[in-house]
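These notes are about the structure you will find just below.
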């Protein structure tokens, strides 16, 4: 009975790109049945894998590593077609000249790191030497030929004139594949779906309400982003408008291609199916 009574733990990451999913989430409606746990993406990926978090916007690559234990909530992702503005490679020379070059990676996102490896190896036939570093661009570029930044770190650095070339990884992916790129997906542990089907249905509806209300009027999100991170209102308006929070057939097709390339390059050890949660599952479990 204990597992049935405990709160459903929802992982939350503080990057602006997932704000619309959480901004208007009606936590008070769930009266202790739901608990938010704020973490950085890598911590959230790990906590989901270990069962310490039940639902969360995890990196797409993390789903690929643990798909046997997860389902994906439909209509929830952080995806882009062309520019994403927050997954940026800063580099001294063109991508096609990075063979043997030193590339500094952040420890905060497996999806972006592996997307970079796919782009460089599959599309540019180059094999750099990768190493991990704290996400401080000036320090990274002291000892590297290129540095990858994600999230708010990338956004802040994109406003500064460094003189380096900058590649938006989503733009490069779309240019090469004509597909969407989904950086985060909302996963749910299968065990929780079985234990608490009705509550999962209510949580999903609450996420849909938050997403819909956020995107209907971006004013509050834009103002908060401007206050907390900086930049102009027009920048943030454009930033949120460039992302999609859907996870329909087009986004799924792009992610399926990403998983196939990751598997072909040995970054994932299995081919990855996309398994969606749906209301019918709720009916099946409760009948």
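The values are calculated or read from the model by the stated rules, or taken from the named source; none is laboratory data. Remember, predicted model here, so these are calculated numbers, not experimental data. Backbone-built Cβ (ideal geometry, glycine too); neighbour counts: all protein chains shown.
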* Out of all the residues in region 223-246, which are in a loop (DSSP other than H, G, I, E, B) and in contact with a helix residue (DSSP H, G or I) (Cβ under 6 Å, 6 or more places away or on another chain)? -> 245
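Every residue, every condition in (1) within 27 Å of residue 225 (Cβ to Cβ); (2) surrounded by fewer than 24 Cβ atoms within 10 Å (Cβ to Cβ); (3) at pLDDT below 95; (4) in contact with a helix residue (DSSP H, G or I) (Cβ under 6 Å, 6 or more places away or on another chain), yes or no:
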residue: 1; (1), (2), (3), (4): no, yes, yes, no
residue: 7; (1), (2), (3), (4): no, yes, yes, no
residue: 15; (1), (2), (3), (4): yes, yes, yes, yes
residue: 37; (1), (2), (3), (4): yes, yes, yes, no
residue: 41; (1), (2), (3), (4): yes, no, yes, no
residue: 47; (1), (2), (3), (4): yes, yes, yes, no
residue: 54; (1), (2), (3), (4): no, no, no, yes
residue: 74; (1), (2), (3), (4): yes, yes, yes, no
* Asked: How do the strands (runs of 3 or more DSSP E) wholly within region 123-196 filter down when requiring 1 or more residues that are more than 29 Å from residue 55 (Cβ to Cβ) and in contact (Cβ under 8 Å) with a residue 60 or more places away in the chain: which remain?
  -> 165-168
* Quick one: which residue in 150, 194 is more than 19 Å from the chain's Cα centre (by Cα) and at pLDDT below 95? => 194
* Asked: Yes or no: residue 201 surrounded by 20 or more Cβ atoms within 10 Å (Cβ to Cβ), in a helix (DSSP H, G or I) and assigned by TED's automatic domain parsing to the domain that holds residue 28?
  -> no
* Structure fact -> Taking region 157-180 and the residues there that are within 22 Å of residue 225 (Cβ to Cβ) and in contact with a strand residue (DSSP E or B) (Cβ under 9 Å, 6 or more places away or on another chain), the one that is surrounded by the fewest Cβ atoms within 10 Å (Cβ to Cβ) would be 166
* Structure fact -> Per the filter on region 114-136, residues at pLDDT 95 or above and under 26 Å from residue 236 (Cβ atoms) are 115, 116
* If residue 216 satisfies every condition in (1) surrounded by 22 or more Cβ atoms within 10 Å (Cβ to Cβ); (2) within 22 Å of the chain's Cα centre (by Cα) but one, which is the exception? -> (1)
* **The listed residue being outside the structural domain of residue 122 (by TED's automatic domain parsing), out of contact with any strand residue (DSSP E or B) (no Cβ under 6 Å at 6 or more places or on another chain) and closer than 23 Å to residue 61 by Cβ, out of 250, 246** => 250
